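Report on the following structure.
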């Protein structure tokens with residue numbers, strides 16, 4: 001019994017210590033941004049990398065998510081003669097939930113992994129030490145631009161994902177389910193509120209920050225050559241994905257009306 | 001191992017300790033380097049040479065002891081004060097540690113542009129001068145580090161280390177992985193650059209050819225302590241069994257090589 005309790009206690013302490021280290025890392029990186037030098041060029045570079053180059057994968061997943069959603073919601077709603085709700089279900093599901101979550105998970109897989117691999121390689125090849133010896137704070141130079149880019153890029157990606165996702169639902173509804181185009185679009189607009197879109201964008205900003213933070217944190221603390229970098233990459237994607245889903249619940253609850 | 005006279009040593013390390021978990025790497029290191037002197041720290045793999053210079057550079061925080069640069073304590077410095085101190089340093093890393101996302105000239109100019117806020121055009125001109133100083137032409141300036149040979153990467157790393165004309169230069173295994181001819185070229189460049197700048201130099205190596213070429217003084221680190229120090233000319237008549245075994249590369253002697261990492 002004591003052994004079990006000791007294991008649980010050790011696990012809890014490890015979890016709390018890890019959470020504390022992550023929070024300190026984020027706080028130190030953000031605090032580094034309070035004073036110059038600033039690196040706008042690096043923020044723009046990350047912005048392009050995270051946003052522009054993620055467009056195809058996010059757009060594609062959003063399109064098919066919207067299409068599947070139209071089919072599934074039609075299946076459910078037709079059982080109690082409520083087919084007219086398909087447009088509303090698609091637009092609300094996409095803007096409030098699936099747009100930000102799908103985009104967050106896709107960016108975690110594409111960008112979070114790449115960040116962890118890049119920064120991890122810089123760590124094990126002493127490039128991060130080299131930054132310090134060249135009077136450059138690695139947190140300010142490497143981490144902060146990525147956090148800022150993550151925070152700003154994902155909402156923009158989600159706006160595009162929302163539009164594409166709704167368009168995917170529209171395509172299926174019109175060409176597969178024989179809905180009337182005008183009434184489908186009317187229904188899409190009719191029940192959509194500003195809060196639906198805003199809550200999705202707030203989620204996106206939080207998810208973008210999480211993806212960048214976990215990618216940077218895992219890469220920054222990687223050890224032991226190629227194996228360590230590989231491990232950091234895996235941890236970055238897994239931890240970001242789990243944190244996205246956990247924070248999604250709490251954000252949904254916060255916006256719940 | 002202080003310099004003669006009342007002059008304050010450029011670097012003075014006293015009782016420096018550093019552990020990683022239960023592994024005591026530095027067990028009270030005492031070493032000083034006079035201004036303009038080139039000190040080479042020798043010792044086997046895993047004796048704490050890299051840890052020692054990383055502590056001096058501020059990349060690692062020591063568990064105990066003192067590190068004074070120009071007489072001022074540096075242990076515990078952080079933020080702007082640490083950044084200001086770092087302006088005095090230039091470092092050549094073992095694996096060169098060039099930024100592979102940047103072209104060669106920007107690697108060399110990095111400390112000038114990012115660390116000191118110099119305009120890019122001016123920093124580029126200085127980078128080209130420093131590349132020329134290590135025997136590289138302007139044609140390599142636009143290349144990426146991955147396009148260069150190991151010897152050329154080392155030269156670029158040396159150019160980066162001297163670009164801001166630091167007061168203290170650190171060299172971590174400068175000739176590791178190079179053929180003997182390229183190693184000799186790097187040794188010559190190190191001597192040339194250190195003398196040209198009038199800088200103080202601290203190198204760590206287990207390459208005795210390199211040691212003889214670049215050292216004014218030599219210190220030997222074993223099990224986390226300095227076990228011998230003296231002029232480079234005395235290395236072959238030190239009378240110290242650790243130094244004798246190491247310099248002559250003998251298996252028999254007081255140093256027992258560990259098969260497993262500590």
**Complete:** Here the residues within segment A:128-149 that are more than 7 Å from chain B (Cβ to nearest Cβ) and closer than 15 Å to residue A:221 by Cα are A:128, A:138, A:139, A:142, A:143
**Request:** Taking the options A:172, A:101, name whichever one is under 18 Å from residue A:215 (Cα atoms), away from chain B (no Cβ under 14 Å), modelled with pLDDT of 95 or more and surrounded by fewer than 24 Cβ atoms within 10 Å (Cβ to Cβ).
**Result:** A:101
**Asked** Can you name the residue in segment A:39-89 that is within 14 Å of chain B (Cβ to nearest Cβ) and touching a residue at least 60 places away in the same chain (Cβ under 8 Å) and, of all such residues, is farthest from residue A:153 (Cα to Cα)?
**Response** A:39
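Among the residues that make up segment A:196-211, is at least one of them over 30 Å from residue A:40 (Cα atoms) and touching a residue at least 24 places away in the same chain (Cβ under 8 Å)?
Filtering segment A:196-211 for residues over 30 Å from residue A:40 (Cα atoms) gives A:196.
Now narrow it down to the ones that are touching a residue at least 24 places away in the same chain (Cβ under 8 Å): A:196.
Yes - at least one qualifying residue is present in segment A:196-211.
Residue B:10: buried (at least 19 other Cβ atoms within 10 Å of the Cβ) and either more than 14 Å from chain A (Cβ to nearest Cβ) or in contact (Cβ under 8 Å) with a residue 24 or more places away in the chain (or both), yes or no?
Working: buried (at least 19 other Cβ atoms within 10 Å of the Cβ): yes; either more than 14 Å from chain A (Cβ to nearest Cβ) or in contact (Cβ under 8 Å) with a residue 24 or more places away in the chain (or both): yes.
Answer is yes for this residue.
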**Message:** Here are the criteria: (1) closer than 27 Å to residue B:68 by Cβ; (2) within 11 Å of chain A (Cβ to nearest Cβ); (3) surrounded by fewer than 22 Cβ atoms within 10 Å (Cβ to Cβ). Tell me which single one residue B:173 does not satisfy.
**Reply:** (2)
**Subset of segment B:104-117 [surrounded by fewer than 18 Cβ atoms within 10 Å (Cβ to Cβ) and in contact with a helix residue (DSSP H, G or I) (Cβ under 9 Å, 6 or more places away or on another chain)]** = B:116
**Message:** If I filter segment A:104-121 for residues that are within 12 Å of chain B (Cβ to nearest Cβ), buried (at least 23 other Cβ atoms within 10 Å of the Cβ) and in contact (Cβ under 8 Å) with a residue 40 or more places away in the chain, do I get at least one hit?
**Reply:** yes
**Message:** Consider segment B:72-99. How many of its residues are more than 8 Å from chain A (Cβ to nearest Cβ), under 27 Å from residue B:145 (Cβ atoms) and in contact with a helix residue (DSSP H, G or I) (Cβ under 8 Å, 6 or more places away or on another chain)?
**Reply:** 2
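The values are calculated or read from the model by the stated rules, or taken from the named source; none is laboratory data. Computed from a prediction, not measured in an experiment: that's the story for all the values here. Neighbour counts are summed over all protein chains in view; Cβ atoms, including those assigned to glycine, are modelled from backbone coordinates with ideal geometry.
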